[in-house]
Amino acid sequence: MKLFFTARDWYTMKPSTIRIVILFLVLIFSLWIRTYNLALTPPVLLEKEERVGLIAYSLLRSDFISYQNLFSQNISSIDNSFLGPLTILTTIPFIKTFGLSTWSVRFPSALAGFLTIIMFLFFAKTVTEKIQKTQSDKQSLQKTVMFSLTSLSLIFFALSPWHIQISRIDTGINLGLFFLLLGASLALKAVNNPKLLFFWTIPFVLSVYSDFIFFLPSIAVILIALIFYHKAFSLRFPKTVISLLIFLLLVLPILQRGITYSTKIDDGVTALLIRNENQAASRIAYSNNTPISKLLHSNQIENLKLHIKQFTSYIEPQQLFVHFTGDKDIISPYSGLFFPLDLIFLVAGLYFLLIQNNKKSLVFFLSWVIIILLPPSFMSSKTNALRSVLILPPIIALLAFGCIELFHNLKTQKRYIVFVGISLFFSYFFLRFLFFYFSSYSSTPRDYHKEYLQAFSYTAKHISKTKRIIVTDISFGKDLYLKWLFTFPPSKSDFGYIKKPSDPTIISQYNNYSFISKPPSHYYREVVYIQPSQTIPKKAKILFYSSSAQKEDQIAVFIVRK
Amino acid sequence: MKKVITLFIAILFLAAFLRLWHLGGVPISPNWDEAAIGYNAYSILKTGMDEHGVLFPVILQSFGNYTPAFYAYLAIPAIYLFNLTVFAVRLPSALFGIAAVFGTFFLAKELLSLRDKNVKKNTYLSLLVMFLLAISPWHIQFSRVAYESSIAFTLCVWGLLFFLLGLKNPRWYIASAIAYGLSINTYHSPRLFVPLFLLGLLIIFREKLLTQKKQIILPCIIWLLFLTPILYFFLHNEGYKVTGRYFETNIFSDIKIREDKNPTYATSRPVLFSFFEGSLPKSLIQITDGYLSHFSPKWMFVTGDNDRHHAPSTGLLYLWEAPFLLVGLLSILLSRGKFRSVFFLWLLLAPVPASLTSEVPHAVRTLIFLPSLQIAVALGIERIYLLIKSTTLLSKIVILFTSIIIVLFSFMQYFHLYFFQMNHEFSRVWQFGFADALSFVEQNRGKYKKVFVSNTLEQPYIFFLFYMRYDPRTYLLKYGGTQSETRQAFDIFEFTPIDWSEKINNPDALYILDPYESKIAPLRKVVHTIRFFDSSEAIILAE
């Protein structure tokens, strides 16, 4: 009853012990939900996680001087081009303690995700204070409402299906988001606290060091802060300049990689740009090359439409709130990135910001979202839930604000019913998300790796280490060799040697293992082959089949007869 | 006033031009639905019966999708005047499209008067709304094809206009009841949209309507009378004729099919599974998903859905309308009064019928969105105009000039894409090729005793009936009309899935096939290949 009473008057009561206890319980729960079954859900490590784990493992086994390689292109023959050095460093202690495993690679991510929630509380509090200071007395938020707003933001953030899923897979993103929020909060604080002016850009540097995804957003947030608070910053011009110089100086070692990463266009976009060019040429030719047709059907216009299309893919309401189908490898298709009810709160948040004429906050939220989503709209052909997760903080803050204001505008008698209704609705969708997230992941296609792992286990046990083994990875990408290295890491610091492959189909070569992208044209008697059962030659003598019930999914280990 | 009338007439002429110019040739070919409507109208004109031999049908069986016959009746005068041509079949849609643009001016004026009593401002805003609808890619697309949704949309526009006029003079309610009643008998979506919308209007204007109690009884009776055909079918165990299309497209049947493929944990945790993913929660979630998909900016402004529903590289609205739409929506949201209620009632109910179906988002089933979106865009333009009004003259000129250039460029690009590129790029989706196939057969009639047309070509018989203007009397009396959805025969034609083991030794036969079947069939020689405009094969004629 006490709890219900507190919940009913959530937004008007003074901060009380019970509410702090509730927040504490939410934090504990959020940590649990981010670490529960971490090694098995999602079942397969991302290629990026495999690389982080392997590099961390390699550095752990080398001398200290090898750490300078964090800024090179590869470490121990693993491509390191776009991995944040800080992410690798953060992973090292966990690998040292728990060994090279899925859990030890993911745990820092979950931990960073959890710390981000706490940082978000700090950020939401700072933002709320700013909102309060920029409003007239009549409209200003009460302290208690402010507390409720920050607490509710924290609850929304902690239980966000998007953040829960991202927290379990990618240390770089979570670490970077933590530092980005710290930087944004410090920027807001530094406006009134000159002592912080020297340091406010450092968290942004750390976020770039965590993941190169943060290169442009960090610069953008710094610029937004400078534009929004140009008066305050110009009052302390020398300190501001020094802080910016610190940023530049610290970013310098990874500047080149940051720029390359931020301007890298994926193959899908390149193909679409070429298609646009051909289409424009065809249209112009069909219109007899008239000047007007050249103007109307210029491929530049189609390219612009393409980028707008990519951008709008990120704001598809059904994808955001009901059923996200963009990144099935990492995001459960049984839920949206937000819960359906969040849409109502979001609209309410926008509405109340507008009627309170709080244009500054509105512009701040919108520019954050646009700045985060613009780069991937130009560079990626698919919606990327990892990259776009950076829009989460302003959206969560906005929908928490909408929720509070909705309650505020309800008659007291109705608040009971609405609160119960919302809680039931929210609980249903949250439990639904958990049920499918933790039970249905085994149906993802990347699970095919398990079949390969069985084959690798067989060769590790039964095949001599001097025998050459050729693995055909024609099923899923080029990361099978990483999976193999991750599962059977060599004891030496170096993972083997790379031979310059004479055959262009060879992806990688490690010790006695060669990984190729299509079945070999010639088979040799002295070699052991691992490849999908559908591709094995007639003269093969099968040594082992993986356990899949589907014949076409089975992976075979075989040699060839005379 | 003179200026307003001149602008009104100019916009109406523009709307008429965009809807009537090259009506028979763009899109390049009628699709199966248009061909079916056309031939059924022709058949009713000549015999009083449709292709299935039903006398003065209320619903056309067509290909088993049971579409309301109202469009076919509208097409009869045009077919009578211009014979059975693509132009004649599409003409009612184009004329109703123009009527929608005409009605939108008055509707916008009435609606805006609920918000603001400034008549002059409302008149110019209404002209702007009318203009936006006149050049709307979404509306032009469906005003130029024989789709029932275009007619239903116009009737809904007029229905609401008459309702709003009825608030001042209750006699208009009768006209409103007729328009809404007809719309229910024209297309599927209004059967759900109209009752919900009318209920919403009753709630919004309840105070006024209570003072008009006596005057609304007759319109209510008239409106209910329009439900009698639907009631008749249900009472005579022919409800499937009303719900047939619904059962074909609704998401529930889709879910039923997929239930068999549920993963293993469906059986290992049956209680939890049915709680979270049983038919009811799954349906509700899918409906929400479908509903929200109609508010997707990508769908509205960039991609559209099916290629048959938009011009190449074009969305349903112009890209430049997006910011104005957003500003307009926000300004309506912040406004007070009945205008806001009616507007959002309309906007939020428009996608409801389509969200119950499987192919979402769907531009045809949500045509009723218009012209609410144009009203929001116009109000957005007004808002931004008021903002720039306070700026310097130079910036005003720059902003206005740039805006005009962008709008003009977008329109010209759309115009070029629709009228000059669409036939070239989308001939495939418009089932191009049957007219050429028939012309080849006519030229070589003496050579073949039998022509087999494969059903993989998607209801080819209706295209042959349509292009041949085959006498409906002969078709009905001699061949019994359309007997089956998969096998028809008339004249020397047989439309059927071809059994190649039987037909292999038939030297006097011509086979009309789709390219894939022609590759696997044991043919003697290909005598003619009809190609789409992109040079790929459309129809193969072979011996």
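The values are calculated or read from the model by the stated rules, or taken from the named source; none is laboratory data. Since we're looking at a predicted model, the values are computed, not measured. FYI the Cβ positions are ideal-geometry reconstructions off the backbone, even for glycines, and counts take in every protein chain you see. Surface accessibility is based on the protein's heavy atoms, side chains included, excluding ligands, DNA and RNA. Shrake-Rupley method; radii C 1.70, N 1.55, O 1.52, S 1.80 Å.
General observations
- Taking θ as phi - 60° and the Karplus parameters 6.51, -1.76 and 1.60, the scalar couplings of the stretch B:20-29 work out to 10, 5, 6, 4, x, x, 10, x, 4, 9 Hz in sequence order, x denoting glycine and proline.
- Euclidean distance between Cα centres, the stretch B:436-459 to the stretch A:185-258, Å: 74 Å
- Angle in degrees between helix B:321-334 and the longest Cα principal axis of chain B, rounded to the nearest 10: 50 degrees
- For A:Ser101 and A:His408, the FRET efficiency from 1/(1 + (r/R0)^6), where r spans their Cβ atoms and R0 equals 41 Å, is about 0.25.
- Toward the positive end of the charge dipole of the protein assembly as shown, with +1 on the Cβ of Lys and Arg and -1 on the Cβ of Asp and Glu, the farthest Cα among A:Gln531, B:Leu457, B:Leu199 is that of B:Leu199.
- Accessible heavy-atom area order of B:Tyr385, B:Tyr173, B:Tyr124, highest first, probe of 1.4 Å: B:Tyr385, B:Tyr124, B:Tyr173
- Ligands, DNA and RNA excluded, the heavy atoms of A:Phe198 present near 70 Å² of accessible surface to a 1.4 Å solvent probe.
- Separation between Cα centres of the stretch B:140-174 and the stretch A:401-416, rounded to whole Å: 39 Å
- Of the residues B:Ser372, A:Phe228, B:Gly480, the one whose Cα sits farthest toward the positive end of the charge dipole of the protein assembly as shown, with +1 on the Cβ of Lys and Arg and -1 on the Cβ of Asp and Glu, is A:Phe228.
- A Cβ-based charge dipole, computed about the Cα centre of the protein assembly as shown with Lys and Arg at +1 and Asp and Glu at -1, lands at about 2860 debye.
- Amide H partners (placed H, <5 Å) of B:Thr357, local residues excluded: B:Ile251
- For the stretch B:1-133: relative contact order, % (alpha-carbon pairs under 8 angstrom, 6 or more apart): 27 percent
- Restraint check, B:Lys214/B:Lys338; B:Lys241/B:Lys519; A:Lys294/B:Lys2; A:Lys465/A:Lys539; A:Lys359/A:Lys382; B:Lys120/B:Lys389, Cα-Cα greater than 29 Å: B:Lys241/B:Lys519; A:Lys294/B:Lys2; A:Lys359/A:Lys382
- Mean separation of Cα contacts under 8 Å, 6 or more apart, over the residue count of the stretch A:339-492: relative contact order %: 28 percent
- Residue among A:Val127, A:Leu354, A:Thr150 farthest towards the positive dipole end of chain A, charges placed on Cβ: A:Thr150
- The accessible surface of the protein assembly as shown, taken with every protein chain in place and a 1.4 Å probe, is 65 percent carbon and sulfur.
- Using a Förster distance of 60 Å, the FRET efficiency for A:Ile370-B:Arg445 (Cβ separation, nearest 0.05): 0.40
- Cut-off 17 Å (backbone N to label point 7 Å along Cα→Cβ of A:Lys360), residues of the stretch A:94-133: A:124-133
- Mean residue ellipticity, 222 nm, helices only, the protein assembly as shown: the sum of -39500 (n - 2.57) across DSSP H runs of n ≥ 4, divided by residue count and rounded to 500, is -19000 deg cm²/dmol.
- Between A:Ser457 and A:Lys382, the contour length at 0.36 nm per residue exceeds the Cα-Cα span by 23.5 nm.
- Angle between chain B longest axis and helix B:32-47 axis [Cα atoms, degrees, rounded to 10]: 80 degrees
- Per-residue Karplus couplings for the stretch A:181-187, computed as 6.51 cos²θ - 1.76 cosθ + 1.60 with θ equal to phi - 60°, are listed in order as 5, 4, x, 5, 5, 5, 4 Hz, Gly and Pro entered as x.
- Couplings 3J(HN,Hα) for the stretch B:79-90, derived from phi with the Karplus relation 6.51 cos²θ - 1.76 cosθ + 1.60 (θ = phi - 60°), are 5, 4, 7, 10, 6, 6, 10, 4, 4, 5, 5, 7 Hz, where x marks Gly and Pro.
- Accessible area of A:Thr150 (1.4 Å probe, protein heavy atoms only, ligands and nucleic acids ignored): about 10 Å².
- Rounded to the nearest 20 debye, dipole of the stretch B:90-206 from Cβ charges on Lys, Arg, Asp, Glu: 300 debye
- Using heavy atoms of the protein chains and a probe of 1.4 Å, the accessible area assigned to A:Arg61 is about 120 Å².
- Across chain B, the relative contact order, built from alpha-carbon pairs under 8 Å that are at least six residues apart, equals 17 percent.
- Accessible surface, the protein assembly as shown, averaged per residue in Å² (probe 1.4 Å): 43 Å²
- Distance between the pseudo-spin-label points of B:Asp499 and B:Asn306 (7 Å out from Cα toward the beta carbon): 3.3 nm.
- Largest-first ordering by accessible area, 1.4 Å probe, given options B:Met468, A:Met379: B:Met468, A:Met379
- Relative to the longest principal axis of the Cα atoms of chain B, the long axis of helix B:172-184 lies at roughly 30 degrees.
- Accessible surface, 1.4 Å probe, highest first, among residues A:Leu424, A:Leu235: A:Leu235, A:Leu424
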